[in-house]
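No value in this document is a laboratory result; all are computed from the given coordinates. Please read all numbers here as calculations on a predicted model, not as lab measurements. Neighbour counts run over all protein chains shown; Cβ positions are idealised from the backbone, glycine included.
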Amino acid sequence: AVNPVVVGKCRAKQFYLGNDDVADQKVLPLLLHGDAAFSGQGVVYETMHLAELENYDTGGTIHVVVNNQIGFTTDPKNSRYAMNVPIFHVNGDDPLAVVKVFELAAEWRQKWRSDVIVNLTCYRKFGHNEIDNPFFTQPLMYKKIGSMPNVLESFSDQLVASNVASKAEVDAVVQKVWDFYGETFEESKTWEDSKKSDWLANKWESFKSPTQQSRIRPTGMDIDKLNHIGAQLTSIPNGFQLNTQLKRILAAKAHALKTGEGLDWGTAEALAWGGLLLEGNHVRISGQDVERGTFSHRHAVLHDQDTNQEHVPLNTLAKSVNPATAVTIPGEHTQAPFVASNSSLSEFAVLGFELGYSLENPNALVMWEAQFGDFVNGAQIIVDQFLSAGEDKWMRQSGLVMLLPHGYEGQGAEHSSFLQQTDDDPNVVPPMDESNRMQIQQTNWQVVYCSTPAQYFHALRRQIHRDFRKPLISVQPKSLLRLKQASSNLADLGPGTKFHRLLPDPSSNLVADDQVKRVVFCTGKLYYELAAEREEHGINDIALVRVEQIAPFPFDKVAEQAAKYKNAEIKWVQEEPENMGFWSYVSPRIETALTKISHDSRRPTYIGRPTSAAPATGYGAVHVLEQNRIVKKALGLPVKKSN
């Protein structure tokens, strides 16, 4: 699983060293594989297939296959591997040959910039682990192994017999190594975790650990700077033959920027990126269709219709793109580099690659976008091993952003299980006042479901505008990308604006607060469906509240809304089945907010799809019936019984 993480971090190091052949020569990724894993684990090949792709190439990786001729208890005849790269076979019992082959592999990689495989043929002395009895499954093999001297003995005898060293000299070297092992083992018994940030070295040295309080810098931007970025986003070089449909899209974007109204998701995203680039932060996004955007909403890379020449507007914000040194110094005439790169058809390897890339330098916004949200389950091992537990398990911070298009449209499966891995305590309200709040710092990651482009803008900039890093899982819209009601004004991105963990009901038609009979907490696209239905039926005594930051949970903001509507019943409404989505996470936390902040006896109740083994309905007609039932039930409207 670590393969793509290593390769991604190597690529990042090469990028910051100059992103050229010289940089490739300075950093070399080396991966160790077991024989069975090399042939059986798909991530090995997913990672190797990245080697020839632009923006993923590292100039070659050396793969060392530790071939002990057995996989757990599976014989080698049942596992095979083949790649169009050189494979060097060497006997692990011959240390001199091993050294020569490794030197040859390194020279090959440096000369030809390709992957190299070293098949280190050896064996396990005691089976798969020390308590295994290998004679159960490989009796003949282990009779042979039992009669053989170990490598240290045979090589020591070889050195003495060839007069390279005396027995006393060999014994002295062996004793020196054993002494070192013994000393360090004893030292390990007294090691204590200091909980300090001394492991945040080099480029990370000014960043804070979860025990050191941090502040979020303002995320709103100067309007003139936003207009400058917008002008570059909608400008095309002379003679560039832009697609006719894209001309209309850019014209609409330019009009929205000029009027300051109706900014869509793609525009807000590009403005957020542009601001970070001008502030000296490298921005990188990868995934299977990120240059255009799966839903044709981004168009970060434009193509000349006659020559296929590429134009990247976000690399034209300043007179020059500063070389990819560790941190670009922001200035009027320079910007940091922007990279949008379509990946291979892989989730596991590509997400791992981007995670590794994000570990190299905190002054970069590194993003991976799933083509659909449910595709992320192909990368679950990366999520479990390195993202969810990255700071606790490996003591490494990452600001990686995962963009997961989500929202039930009747097209099939959707997955949203990240909340189960969030480690904030559902029964404890942490300090929530602005001066003492460390909630995000002390949680393993963030999960947001932005309902407006402005919220998304601030969520992205917030990732960089603080002196610690946390992964961000951003549940992304699909149908909202072009919904007029789900647009923002330029002023929403300007000075003094910020990300809001919760958005109160904006309606001016509601009855007095104490007359509201129901407060509905919801997220994302479902809010707009509820709001449209509420308006159509003239309902004015039900408040719709959007929870934008699901995790860590906004206890204080939820308690404020409950106290505001003190006579209302409290509902949580979601599209997902009851055993999926948000309910199991938010339910105990809403109760905690009510009891421990407001001393309120009310309890939230659930409205949504019933429990289900499948994440979503794949049959369009049934989806529509289910969705209508959820909306009407949430608003207290009669629900037609289905046959």
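Remarks
- Using only side-chain charges placed at the Cβ, +1 for Lys and Arg and -1 for Asp and Glu, the dipole size of the range 517-634 relative to its Cα centre rounds to 300 debye.
- Equivalent ellipsoid of the chain: semi-axes from √(5λ) of the C-alpha gyration tensor, largest first, are 51, 31, 25 Å.
- Shown is the FRET efficiency for Thr605 and Ala491, computed with R0 = 41 Å from the Cβ-Cβ distance and rounded to the nearest 0.05: 0.65.
- Stretched out straight at 0.36 nm per residue, the stretch from Ser508 to Asp21 would grow longer than its current Cα-Cα span by 169.2 nm.
- Only Lys, Arg, Asp and Glu carry charge here, each on its Cβ (+1 for the first two, -1 for the last two); on that basis the chain has a dipole of about 1480 debye about its Cα centre.
- Here the spin labels are modelled as points 7 Å beyond Cα on the Cα-Cβ line, and at Gln380 and Glu52 they lie 3.2 nm apart.
- Degrees, to the nearest 10: 265-278 long Cα axis against longest axis of the chain: 60 degrees
- Highest to lowest packing among 357-366, 148-157, 340-349, scored as the average C-beta count within 10 Å: 357-366, 340-349, 148-157
- Close amide H pairs (under 5 Å, H built 1.01 Å from N) link Ser612 with Glu578, Asn579, residues at least 5 positions away or on another chain.
- Between Lys517 and Lys498, full extension at 0.36 nm per residue minus the direct alpha carbon distance yields a gain of 3.8 nm.
- Largest first, the three principal axis extents of the alpha carbons in the range 350-499 are 43, 40, 35 Å in whole numbers.
- Reducing the range 541-614 and the range 271-298 to their Cα centroids gives an inter-centroid distance of 33 Å.
- Compared with the direct C-alpha span, the chain from Asn91 to Asp222 gains 40.7 nm at full extension, assuming 0.36 nm per residue.
- Helix 151-161 and the longest principal axis of the C-alpha atoms of the chain enclose an angle of approximately 30°.
- Cut-off 19 Å (backbone N to label point 7 Å along Cα→Cβ of Gln421), residues of the range 22-54: 42-44, 47
- The residue among Ser507, Ser346, Trp265 whose Cα reaches farthest toward the positive pole of the charge dipole of the chain, with charges on the beta-carbon of Lys, Arg, Asp and Glu, is Ser507.
- Scaled to the globular estimate 2.2 N^0.38 Å, the Cα spread of the range 517-634, given as radius of gyration, is 1.06.
- Long-range amide H partners of Val118 with built H, under 5 Å: His63, Val64, Val65, Phe88
- 0 to 90° range, to nearest 10: angle between helix 524-536 axis and the chain longest Cα axis: 10 degrees
- CD proxy at 222 nm, helix term only [per DSSP H run n ≥ 4: -39500 (n - 2.57); per residue of the chain; nearest 500]: -10500 deg cm²/dmol
- Protection proxy ranking of 481-488, 164-171, 425-432, 550-557, by the mean of other Cβ atoms within 10 Å over each peptide's residues and highest first, is 550-557, 481-488, 425-432, 164-171.
- ³J(HN,Hα) computed for each position of the range 241-256 - Karplus, 6.51 cos²θ - 1.76 cosθ + 1.60, integer Hz, glycine/proline x: 8, 7, 4, 4, 5, 5, 4, 5, 5, 5, 5, 5, 5, 5, 5, 4
- Listed values for the range 308-322 are Karplus-derived 3J(HN,Hα) couplings in whole Hz (6.51 cos²θ - 1.76 cosθ + 1.60, θ = phi - 60°), namely 6, 4, 9, 10, 10, x, 6, 9, 10, 6, 10, 5, 8, 8, 4, and x replaces Gly and Pro.
- The convex hull drawn around the Cα atoms of the range 119-170, when projected onto a plane and averaged over every direction, covers 5.3 nm².
- Taking θ as phi - 60° and the Karplus parameters 6.51, -1.76 and 1.60, the scalar couplings of the range 448-464 work out to 10, 9, 5, 10, 9, x, 5, 4, 5, 3, 6, 4, 5, 5, 4, 4, 9 Hz in sequence order, x denoting glycine and proline.
- Beta bridges assigned by DSSP with both partners in the range 3-148 are antiparallel in approximately 5 percent of cases.
- Of all beta bridges that DSSP places with both ends in the chain, some 15 percent have antiparallel geometry.
- Peptides 135-144, 24-33 ordered by average Cβ neighbours within 10 Å, highest first: 24-33, 135-144
- Cα→Cβ-extended label distance, 7 Å offset, between Asn133 and Gln232, nm: 7.1 nm
- Model label zone, Thr595; criterion: amide N under 17 Å from point 7 Å along Cα-to-beta-carbon; scope the range 421-455: 425-430
- Long pairs among Lys100/Lys143; Lys557/Lys596; Lys208/Lys393; Lys26/Lys470; Lys571/Lys641; Lys566/Lys640, criterion Cα-Cα beyond 19 Å: Lys100/Lys143; Lys26/Lys470; Lys571/Lys641; Lys566/Lys640
- Residues with amide H under 5 Å from that of Gly280, placed H, sequence gap 5 or more: Ala336
- DSSP-defined beta bridges in the range 482-622 - what % are antiparallel, rounded to 5: 15 percent
- Ellipsoid equivalent to the range 3-148 - semi-axes via the Cα gyration tensor, in Å: 33, 16, 12
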